[in-house]
1. Among the listed residues 132, 94, which satisfies the condition of being among the hydrophobic types (A, V, I, L, M, F, W, C) and within 23 Å of residue 53 (Cβ to Cβ)?
2. Being in contact with a strand residue (DSSP E or B) (Cβ under 6 Å, 6 or more places away or on another chain), modelled with pLDDT of 95 or more and among the hydrophobic types (A, V, I, L, M, F, W, C) is true for just one of 21, 13, 28. Which residue is that?
3. Would you be able to say whether some residue in segment 110-131 is in a loop (DSSP other than H, G, I, E, B) and among the aliphatic types (A, V, I, L, M)?
4. Select from segment 143-162 the residues that are more than 22 Å from residue 42 (Cβ to Cβ) and in contact with a strand residue (DSSP E or B) (Cβ under 8 Å, 6 or more places away or on another chain) and list them in ascending order.
5. Could you say which residue among 9, 29 is basic (Lys, Arg) and either under 27 Å from residue 136 (Cα atoms) or touching a Lys or Arg at 6+ places or on another chain (Cβ under 7 Å) (or both)?
6. Looking at segment 35-45, which of the residues that are basic (Lys, Arg) and within 15 Å of the chain's Cα centre (by Cα) is surrounded by the fewest Cβ atoms within 10 Å (Cβ to Cβ)?
7. Kindly indicate the residue of segment 115-141 that is in contact (Cβ under 8 Å) with a residue 24 or more places away in the chain and aliphatic (A, V, I, L, M) and also surrounded by the fewest Cβ atoms within 10 Å (Cβ to Cβ) among those meeting that condition.
Amino acid sequence: MTTIVLVRKNKEVVVAGDGQVSMGNTVVKSTASKVRKIEKRGVVAGFAGSTADALTLFERLEAKLEKHAGNLSRAAVELAKDWRTDKYLRRLEALMAIGDKENSYIISGTGDVLEPEGDIIGIGSGGNYALAAGKVLIGTGMGAEEVAKKAIEVAAEICVFTNNNVKVEKI
């Protein structure tokens with residue numbers, strides 16, 4: 001369980017996530033990083049779900065981006081196809097929020113590649129809280145990074161599986 005939010009504002013794309021790793025009702029770690037930047041492709045991503053599963057998916061996403069010359073749309077669809085049909089991958093339990101300068105997607109293990117309306121994505125146990133907070137804050141004078149951080153902080157006040165140890169990646 002975790003909270004990830006992706007915010008687009010003023011040509012900036014930011015992914016923020018909390019640092020809590022839980023096993024059942026126990027907090028195992030409070031400083032995990034669940035957001036990554038694929039520097040040479042200008043892509044940021046965050047994951048919610050099993051950590052090992054998500055790291056596997058990040059590696060696959062990077063490989064798909066390399067194969068498709070940085071085309072995030074194509075890489076996202078190909079990753080979702082593999083995730084759904086591969087015997088090993090389909091057992092992975094995670095959600096990903098990914099974005100580049102032009103596109104934002106949610107990718108799930110059921111083969112979904114969703115391009116949400118608006119400039120904010122929220123996933124994970126506190127995703128809806130962060131999404132609601134982000135939708136309110138996006139219209140203020142705050143920048144994308146400030147909106148993302150504050151959205152995670154709001155979710156941390158409500159969701160027991162989210163803490164306020166916020167990690168951020170931006171492009």
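The values are calculated or read from the model by the stated rules, or taken from the named source; none is laboratory data. For clarity, every value in this text was computed on a predicted model and none was experimentally measured. Here the Cβ positions follow ideal geometry from the backbone for every residue, glycine too, while neighbour counts run over all protein chains shown.
1. 94
2. None of the other options fit; the residue is 13.
3. No.
4. Within segment 143-162, 151, 152, 155, 156, 159, 161, 162 qualify.
5. 9
6. 37
7. Among them, the one singled out is 138.
Conditions (1) buried (at least 20 other Cβ atoms within 10 Å of the Cβ); (2) without any contact (Cβ under 8 Å) to a residue 24 or more places away in the chain; (3) not small (Gly, Ala, Ser), marked per residue:
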| position | (1), (2), (3) |
| --- | --- |
| 8 | yes, no, yes |
| 12 | no, no, yes |
| 22 | no, no, no |
| 33 | no, no, no |
| 47 | yes, no, yes |
| 50 | no, no, no |
| 60 | no, no, yes |
| 73 | no, no, no |
| 81 | no, no, yes |
